[in-house]
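Below is one structure, written out as structure tokens; the observations come after it.
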Amino acid sequence: MKTKQLLLGDEALALGAIYAGLSGAYAYPGTPSTEILEFVQKNPLARERKIHSHWSSNEKTAMEEALGMSFCGKRAMTSMKHVGLNVAADPFVNSAMTGANGGLLVIAADDPSMHSSQNEQDSRFYADFAMIPALEPSDQQEAYDMARYGFELSERLAIPVLTRLVTRLSHSRAVVETHDTPLAENELHYPANPKQWVLMPAMSKIRNRRLIADQEEFVKASEKSPFNAYNEAADHRLGIIANGIAYNYLMEAFGGNCPFPVVKISQYPLPMSMLRRLYNSCDALLITEEGQPYIEQKLRGLNEQGKKIYGKLTGNVVRDGELNPDLIAEAIRSVIPNAPGLINNQAPAASQIVAPRPPMLCQGCGHRDVYSALNSALENYDSPRVFGDIGCYTLGFLKPFNAIDTCVDMGASITMAKGAADAGQHPAVAIIGDSTFTHSGMTGLLDAINEDSDILVIISDNLTTGMTGGQDSQGTGKIEEICLGLGADPKHLRTIDSLPKNHAEMTALFREEIDHHGCSIVVARRECIQTARRHAAKK
Amino acid sequence: MKSDIVLAGVGGQGILTIATILGAAALKENLCLKQAEVHGMSQRGGDVQSNLRLSSNPIHSDLIPLGGADLIVSLEPMEALRYLPFLSEQGWIITNNVPFVNIDNYPEQESIDAELAKMPRVVAFDMEAMAKEVATARSSNLVLLGAASPFIDIHPDKIEDAIRALFIPKGEKIVDANIAAFRAGRAKAIEIKENFQN
């Protein structure tokens, strides 16, 4: 007996994990992964079982916390956006060396087309690099099913398993059939091979040989995976390989009936014998890949019969941005112009009068007051530079503020301002939000304090993680204490409410602290208008 | 049955509420459904859209192909126009006609109206005024849902059940206001649809 629910891809994966005996979920918010932990926080069974679902300070701490739970034999997952995996890369890659005890799922949600991110990096390369298996659901049902399957795979192979989502699956809803009875959580138990968890060179050398030897098992698991499929078809002029959600776009492009044989890839390492069979039986291959050309690069080495392999590297599939049914149809036509059954809709032309409507800071947002005061303050200087960071306040780059010169990665505002000051730049101003500050700003601030770098750090504190929808921020109520604890000079640690009525005062404060040739911090504080509204509605 | 719908608007206007209600009704009817949403940065006053696909048969893609949408349903007229290349040959545009101007280079109202008038099948009226008249200003998304409903093969009672289920935690009054908005929008659209057929 199964029940049907309408779930986002993120939620389906989270529910699947809860029903598979999850004991702890660890994450830092990041689009499009945020809804995974949020779902665990709200789910009644997860609450009843007291499954851990508190936000972590960043993805590295989340990954390590999940690894610690796995060490104790329980099922754990950590979820993050793709660039979050960069932050967690150290424990992630080394978790392949320790292996997993309790099932360990590392969920990375990629963002092709950069709907809400700074790059299109493809997390499958991370799994390859760390030499661990990866799963890639093509739809919400698979996302649900793969949680249980992934935990079992992780425990059977004693290795963490990466699960790669993409925005269009994370943030798309569909009907999902769910189990009625959840599995029990694992009992606490320790690793069978405890030495493997101490990554000193002598132990690591032994473990590395084992991890290499295990690769064969991982490939075998992919060959047998219920999520990889070989669809036979009559027309062997072309064989098509599609991963994850790209498989659905391919099916849509043919109205469900693809005349060419297709290999669907949803588990890695690549099932090479399945791919070899396709290669041997078809005149040419087309790889329609959501993400960077990972499979395509892997298959370049298969080219022993000199058959053509088409994909992103050959320009047949658009390399930039996410795929869709139309782009896949176009790619197929570029190889087989008369391919039968492809969608070919007539559509109205695009309207020429439509103007872009970029996102902007909300009316009533404190970041607005910070930027207008900062812009006023900086009018006094010849060539000020403002180093921005990741959050709603990155929108300060756009009109009407045009206030920041850089935005790179979480925490980079403070460290880049410091580097610029080291180079002789003045004023060098960093602007960072409270959640980003505790994610990755604190360590950089310590560098700047230790050298008394000539920078102004503005911490625009809205008491939440705003951009991702208002999750709890780990530093709420502690920002000044943290700065003092890092050794900030109390005379140059100033606080102000970011309100329109304080414009003149805030402008003067910024000027004073820019003119102080040393490390200054201004905490400009006002609750996020979105969370403030929600708090008011609750009362 | 098959309805491929592009829902459009400006971040914060409430298009996801429409998707939630239709989704719940479709689930009750045992229909297949896929609904791709936009979260994150663009929700801050930027253009937002959601692809909602309903069908009695399995649906492959979360995204609607170009020229594949049966309906463009929009809370804002320029946002309806943004997705024209997705509209099918027989497709309808259902839109609020009151511009939401939060950019400097927003086109003149006349050119928006002219552009909409070029399209053969359009239901466009002031949904905010109608919402204020029959309920509250905040119910204009329910007027829009009502206006779209004659073009979607789900019985209106089932949609009303879903509206009730969604808003009942906020109280009977809110439910009634939203249902009134839905019915008013629906009646107006039926009138326009019938005139078109005559």
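The values are calculated or read from the model by the stated rules, or taken from the named source; none is laboratory data. Please read all numbers here as calculations on a predicted model, not as lab measurements. Cβ: placed from backbone, ideal geometry, glycine included. Neighbour counts: every protein chain shown.
What tally of residues in segment B:51-77 results from selecting those that are part of a strand (DSSP E or B) and either more than 16 Å from the chain's Cα centre (by Cα) or closer than 13 Å to A:ALA174 by Cβ (or both)?
The total comes to 5.
Got a sec? Which of A:ALA504, A:ALA524, A:ALA536, A:ALA532 is at pLDDT 95 or above, more than 23 Å from A:SER440 (Cα to Cα) and not β-branched (Val, Ile, Thr)?
So the residue among A:ALA504, A:ALA524, A:ALA536, A:ALA532 that is at pLDDT 95 or above, more than 23 Å from A:SER440 (Cα to Cα) and not β-branched (Val, Ile, Thr) is A:ALA504.
Can you tell me which residues in segment B:84-99 are within 25 Å of B:GLU128 (Cβ to Cβ) and more than 9 Å from every other protein chain (Cβ to nearest Cβ)?
Of everything in segment B:84-99, those that are within 25 Å of B:GLU128 (Cβ to Cβ) and more than 9 Å from every other protein chain (Cβ to nearest Cβ) turn out to be B:TRP92, B:ILE93, B:ILE94, B:THR95, B:ASN96, B:ASN97, B:VAL98, B:PRO99.
Is at least one residue of segment A:100-119 part of a helix (DSSP H, G or I) and either more than 14 Å from chain B (Cβ to nearest Cβ) or within 12 Å of the chain's Cα centre (by Cα) (or both)?
Among the residues of segment A:100-119, not one is part of a helix (DSSP H, G or I) and either more than 14 Å from chain B (Cβ to nearest Cβ) or within 12 Å of the chain's Cα centre (by Cα) (or both), which makes the answer no.
Just checking, which of A:GLY30, A:GLY84 is in a loop (DSSP other than H, G, I, E, B) and at pLDDT 95 or above?
Testing whether each residue is in a loop (DSSP other than H, G, I, E, B) and at pLDDT 95 or above leaves just A:GLY30.
Please enumerate the residues belonging to segment A:310-333 that are small (Gly, Ala, Ser) and either part of a strand (DSSP E or B) or surrounded by fewer than 15 Cβ atoms within 10 Å (Cβ to Cβ) (or both).
Once the filter is applied, which keeps residues that are small (Gly, Ala, Ser) and either part of a strand (DSSP E or B) or surrounded by fewer than 15 Cβ atoms within 10 Å (Cβ to Cβ) (or both), segment A:310-333 yields A:GLY315, A:GLY321.
In segment A:321-348, what residues are touching a residue at least 40 places away in the same chain (Cβ under 8 Å) and among the charged types (D, E, K, R)?
Passing the criteria: A:GLU322, A:ASP326.
Check whether at least one residue in segment A:70-78 is within 15 Å of the chain's Cα centre (by Cα) and crowded, with 21+ Cβ neighbours inside 10 Å, and report yes or no.
Checked against the condition, which is being within 15 Å of the chain's Cα centre (by Cα) and crowded, with 21+ Cβ neighbours inside 10 Å, segment A:70-78 yields at least one hit.
Taking segment A:263-311, which residues are modelled with pLDDT of 95 or more, within 29 Å of the chain's Cα centre (by Cα) and charged (D, E, K, R)?
Selection gives A:LYS264, A:GLU289, A:GLU290, A:GLU296.
Just give me the residues in segment A:395-427 being touching a helix residue (DSSP H, G or I) at 6+ places or on another chain (Cβ under 6 Å), within 30 Å of A:CYS362 (Cβ to Cβ) and part of a helix (DSSP H, G or I), in sequence order.
A:GLY396, A:ILE414, A:THR415
With the requirement that a residue be more than 7 Å from every other protein chain (Cβ to nearest Cβ) and either modelled with pLDDT of 95 or more or in contact with a helix residue (DSSP H, G or I) (Cβ under 6 Å, 6 or more places away or on another chain) (or both), what does segment B:32-56 give you?
If the condition is that a residue be more than 7 Å from every other protein chain (Cβ to nearest Cβ) and either modelled with pLDDT of 95 or more or in contact with a helix residue (DSSP H, G or I) (Cβ under 6 Å, 6 or more places away or on another chain) (or both), then B:VAL48, B:SER50, B:ASN51, B:LEU52, B:ARG53, B:LEU54, B:SER55, B:SER56 are the ones that fit.
State whether the residues of segment A:373-380 include one that is away from chain B (no Cβ under 14 Å), out of contact with any Ser or Thr (no Cβ under 9 Å at 6 or more places or on another chain) and within 30 Å of A:LEU313 (Cα to Cα).
No, the conditions are met nowhere in segment A:373-380.
Which one is farthest from A:THR167 (Cα to Cα), of the residues in segment B:1-31 that are over 11 Å from the mean Cα position of the chain (by Cα) and at pLDDT below 90?
Looking at the filtered set, the residue picked out is B:GLN13.
Select from segment A:385-413 the residues that are touching an Asp or Glu at 6+ places or on another chain (Cβ under 8 Å) and buried (at least 17 other Cβ atoms within 10 Å of the Cβ) and list them in ascending order.
Selection gives A:ARG385, A:VAL386, A:PHE387, A:GLY388, A:ILE390, A:CYS407, A:MET410, A:GLY411, A:ALA412, A:SER413.
Can you find a residue in segment A:480-495 that is surrounded by 20 or more Cβ atoms within 10 Å (Cβ to Cβ) and of a type in the set (Val, Ile, Thr)?
no
Tell me yes or no: at least one residue of segment A:300-309 is surrounded by fewer than 16 Cβ atoms within 10 Å (Cβ to Cβ) and either in the same structural domain as A:PRO137 (by TED's automatic domain parsing) or of a type in the set (S, T, N, Q) (or both).
yes
Taking the residues in segment B:120-165 that are at pLDDT below 95 and among the hydrophobic types (A, V, I, L, M, F, W, C) as candidates, determine which candidate is surrounded by the most Cβ atoms within 10 Å (Cβ to Cβ).
Across segment B:120-165, the extreme among qualifying residues is B:ALA135.
If a residue has to be part of a helix (DSSP H, G or I), away from every other protein chain (no Cβ under 11 Å) and either on the phi > 0 side of the Ramachandran plot or in contact with a Leu (Cβ under 8 Å, 6 or more places away or on another chain) (or both) to count, how many in segment B:105-136 make the cut?
2
Given A:ALA147, A:ALA127, which one is closer than 19 Å to A:SER266 by Cβ, crowded, with 20+ Cβ neighbours inside 10 Å, assigned by TED's automatic domain parsing to the domain that holds A:GLY68 and touching a Phe, Trp or Tyr at 6+ places or on another chain (Cβ under 7 Å)?
A:ALA127
If B:SER61 satisfies all but one of (1) within 8 Å of another protein chain (Cβ to nearest Cβ); (2) buried (at least 21 other Cβ atoms within 10 Å of the Cβ); (3) within 25 Å of B:ILE190 (Cβ to Cβ); (4) among the hydroxyl-bearing types (Ser, Thr, Tyr), what's the number of the condition it fails?
(3)
Looking only at segment A:19-33, decide whether some residue is surrounded by fewer than 24 Cβ atoms within 10 Å (Cβ to Cβ) and closer than 20 Å to A:ALA174 by Cβ.
yes
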